[in-house]
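The values are calculated or read from the model by the stated rules, or taken from the named source; none is laboratory data. No experiment lies behind these values; they were computed from the predicted model shown. Neighbour counts run over all protein chains shown; Cβ positions are idealised from the backbone, glycine included. Remember, those area values only see protein heavy atoms, side chains included, never the ligands or the DNA or RNA. Shrake-Rupley method; radii C 1.70, N 1.55, O 1.52, S 1.80 Å.
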Amino acid sequence: MNDSVYMARALKLARQGLYTTDPNPRVGCVLVRSGQCVGEGWHQQTGNAHAEINALHQAGAQAQGATCYVTLEPCCHQGRTPPCTEALLKAGVKRVVAAMEDPNPKVAGQGLAQLKAAGIQVECGLLQEEAQALNRGFIQRLLQGRPWVRCKLAMSLDGATALASGESQWITSPPARRDVQRWRAQSSAILTGIGTVLRDNPALNVRYEELPNELLSAPDRQPLRIILDRKLAIPESARLFSLPGKILIVCADSSLVKAERLRRMGVEVIAIPATQQGLDLKALMGVLAHREINELQIECGARLAGSFLQAGLIDELLLYIAPKIMGDAALGLFRLPGIQTMDNCIEVEIKEIRAVGRDLRLLAKVK
């Protein structure tokens with residue numbers, strides 16, 4: 001019996017929910033009996049059946065005596081759907097192998113304990129790192145009270161994001177801009193600042209027409225679009241207001257007359273504390289975690305990106321590097337006042353470099 005092979009298959013199934021399960025985790029399940037796969041399933045969409053239930057439905061009576069390989073501990077509580085532990089017990093599986101425990105305090109080892117108490121052989125930890133990587137935002141939100149934050153930036157070869165005039169469209173080529181849509185599609189929310197809105201008038205949506213159909217089983221989910229706008233300077237004619245999807249504007253005073261006008265347009269406006277430097281970003285993270293935002297992608301200018309970085313709130317950098325040189329008068333990636341020595345520098349770990357069209361895509365974890 002090759003447990004790793006079956007768990008790898010379960011992880012592959014889980015990835016099919018990469019764009020559709022939010023805010024739930026991406027989970028895959030494989031049922032094996034007498035060395036033969038008798039059922040497979042993955043969690044396809046929030047509110048729908050979990051991976052284990054889909055696999056059990058496919059297996060039918062053959063689930064009796066089978067081993068269940070699942071990428072996340074089976075749930076043991078009534079949520080949007082019934083507990084998976086009950087379904088596994090009723091089906092008569094004899095062994096459950098989970099890649100990782102569920103960080104949800106309503107489960108947190110209790111699902112596996114319930115199965116073990118019922119006489120089922122239980123194991124946990126197989127391909128755990130791979131399973132955790134698939135649900136970093138879900139895990140971080142539940143354990144640390146904030147989403148996983150990915151900062152996406154496009155830059156020239158000499159590290160510039162815009163010319164001195166502010167012009168930045170387009171630094172990268174169409175293939176790189178299409179690639180960004182994949183990352184937006186798997187995000188719970190996309191965030192920018194009012195400066196970017198006033199300068200570029202962005203849409204901040206997922207352009208599904210630019211993505212291969214086979215990658216997306218439900219191409220109708222738009223991430224929440226978040227605008228940090230301390231004084232509510234956003235024009236009511238902004239492009240993003242004319243597009244489908246929910247919008248959240250975060251300001252320092254939501255009682256302003258402008259806020260009421262925006263609400264009448266169907267826009268949600270909230271206030272969070274402000275500091276001398278701007279809106280309190282750590283307070284914002286708590287608000288977003290409460291709203292079940294797992295993965296937050298920020299696409300903003302150097303000042304806001306620098307504020308997130310200095311606050312220790314960026315987990316991952318997604319950089320698109322174009323083969324262009326924009327000169328020393330151009331604007332940089334991050335505005336980071338206070339860095340005077342090499343010891344003050346912020347270090348990152350480069351995880352991946354890949355060619356996307358004529359550009360390079362660099363993925364780095366912030367240490």
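For segment 284-302, the set of residues classified as exposed (fewer than 15 other Cβ atoms within 10 Å of the Cβ) and modelled with pLDDT under 95 is empty. Here is a list: Leu11, Leu88, Leu31, Leu72. Which entry is part of a strand (DSSP E or B), of a type outside the set (Val, Ile, Thr) and not assigned by the TED database to the domain that holds Ser187? Answer to the selection: Leu31. When the residues of segment 254-306 are filtered to those that are of a type in the set (A, V, I, L, M) and assigned to a loop (DSSP other than H, G, I, E, B), the one that is nearest to Tyr19 (Cα to Cα) is Ile293. Across segment 307-339, the number of residues qualifying as at pLDDT 90 or above, within 24 Å of Arg358 (Cα to Cα) and outside any strand (DSSP E or B) comes to 2. Within segment 144-173, the set of residues being open to solvent by 40 Å² or more (accessible area, probe 1.4 Å), farther than 21 Å from Ala364 by Cα and either in contact (Cβ under 8 Å) with a residue 24 or more places away in the chain or not polar (S, T, N, Q) (or both) comprises Leu163, Ala164, Glu167, Gln169, Trp170.
Only residues that are in a strand (DSSP E or B), under 20 Å from Leu89 (Cβ atoms) and open to solvent by 50 Å² or more (accessible area, probe 1.4 Å) were counted in segment 41-69, giving 0. Residues of segment 178-212 being open to solvent by 60 Å² or more (accessible area, probe 1.4 Å) and either closer than 19 Å to Asp22 by Cα or at pLDDT 85 or above (or both), which ones? Passing the criteria: Arg178, Arg182, Leu198, Arg199, Asn201, Arg207.
Of the listed requirements (1) out of contact with any strand residue (DSSP E or B) (no Cβ under 9 Å at 6 or more places or on another chain); (2) at pLDDT 95 or above, Gly137 misses just one: (1).
Annotation note: of Ala355, Ala330, the sole residue that is buried (at least 17 other Cβ atoms within 10 Å of the Cβ), of a type in the set (Gly, Ala, Ser) and under 28 Å from Pro175 (Cβ atoms) is Ala330.
Among the residues making up segment 237-253, those that are surrounded by fewer than 15 Cβ atoms within 10 Å (Cβ to Cβ) and assigned to a helix (DSSP H, G or I) are Arg239, Ser242. Annotation note: Cβ proximity below 6 Å between a residue of segment 354-365 that is on the phi > 0 side of the Ramachandran plot and in contact (Cβ under 8 Å) with a residue 24 or more places away in the chain and a residue that is surrounded by 13 or more Cβ atoms within 10 Å (Cβ to Cβ) and outside any strand (DSSP E or B) (sequence gap 6+ or interchain) occurs for Gly357/Ser173; Gly357/Pro175; Gly357/Ala176. Among the residues here, Leu262 does not qualify as among the hydrophobic types (A, V, I, L, M, F, W, C) and either under 20 Å from the mean Cα position of the chain (by Cα) or not assigned by the TED database to the domain that holds Leu333 (or both).
Taken as a whole, the structure places Met342 among residues that are more than 21 Å from the chain's Cα centre (by Cα) and either crowded, with 16+ Cβ neighbours inside 10 Å or more than 24 Å from Ser188 (Cα to Cα) (or both). Note on segment 145-177: residues that are at pLDDT 95 or above and either assigned to a helix (DSSP H, G or I) or of a type in the set (A, V, I, L, M) (or both) total 1.
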